[in-house]
Amino acid sequence: MIRAMIRTVAVVIAPLAVGCDATRQITITSEPAGAFVQIDGQNAGNAPITQTFDFRSKYTFIIAGSMSGYFTEEIVLSNRHPSLRSGSLRIVLQEDEAWKATTTSEATNAWLRIQIDPKLSAEGMWQKLIDAVTGAYSSLEQMDSSSGYIRSVATVRKFRSPKGQFSVRTRFTGSVAQKEPLLYKLKIEAEFSTNSGDWSPYTRVFKEDEALIEELQSRLGTK
């Protein structure tokens, strides 16, 4: 998922270093408040927290802050870091715009089945299905009324991250799973682009996709 994108902050070295045999107590805060903190991969709790660092045992510590809807932020804390003088370290998280534009759904990369209202014929279901899907997606890539198969073109949106721009794309896929009683299966294929340009599964769908799912459940499903 996108939240896996991590930015490591290069530390500005202060002119005077704390002695390498010293221990220092640091209060870690975050913006926004309450970020989950890890130290060298070990859970430390939610900010603000106060932690003692022993620089006699190692030269640097990796401090990571994370929160839903934000990119994970990493800071390299060395025995020359300015925070050792102030006794406080502030982690500032960048908001994930893709998170704001998306939501969770049962149909995210997984088949969701709808038991069709027995009052609806196969033809009636098909027409309602086409109307709803074409209202949410610009066009259809494939469609077959005999099997109820629909595959939309992908909706692609671009977002910013600490490491540059990335994209999220979703598309609707569905088909008749059972003819008697009539059962329809559908899913929203969701992916995000990685730094290498490849696409990987994304755990969220656009809010418009979830609205489409709810509409289909309401218009097609048994009451």
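Couple of notes before you dig in:
- Considering the conditions (1) part of a loop (DSSP other than H, G, I, E, B); (2) under 20 Å from the mean Cα position of the chain (by Cα); (3) of a type outside the set (A, V, I, L, M, F, W, C), S167 is excluded by exactly one of them, (1).
- Within region 68-89, the set of residues being surrounded by 21 or more Cβ atoms within 10 Å (Cβ to Cβ) and either in contact with a helix residue (DSSP H, G or I) (Cβ under 9 Å, 6 or more places away or on another chain) or in a strand (DSSP E or B) (or both) comprises F71, T72, E73, I75, L77, L89.
- Looking at E141, E123, just one residue is surrounded by fewer than 13 Cβ atoms within 10 Å (Cβ to Cβ) and not polar (S, T, N, Q), and that residue is E123.
- Selection of region 51-67 for residues being outside any loop (DSSP other than H, G, I, E, B) and under 14 Å from L84 (Cβ atoms) yields Q51, T52, F53, D54, T60, F61, I63.
- Candidates in region 170-223 are the residues that are part of a helix (DSSP H, G or I) and among the polar types (S, T, N, Q); of these, the one that is surrounded by the most Cβ atoms within 10 Å (Cβ to Cβ) is Q217.
- Extreme residue, farthest from I116 (Cα to Cα), among residues of region 151-164 that are of a type outside the set (D, E, K, R) and assigned to a strand (DSSP E or B): G164
- When region 134-152 is filtered for residues that are touching a helix residue (DSSP H, G or I) at 6+ places or on another chain (Cβ under 7 Å) and of a type in the set (S, T, N, Q), the ones remaining, listed by number, are S145, S152.
No value in this document is a laboratory result; all are computed from the given coordinates. None of the values given here were measured: they were computed from a predicted structure. Cβ sites come from the backbone with ideal geometry, for glycine too, and all protein chains shown count toward neighbours.
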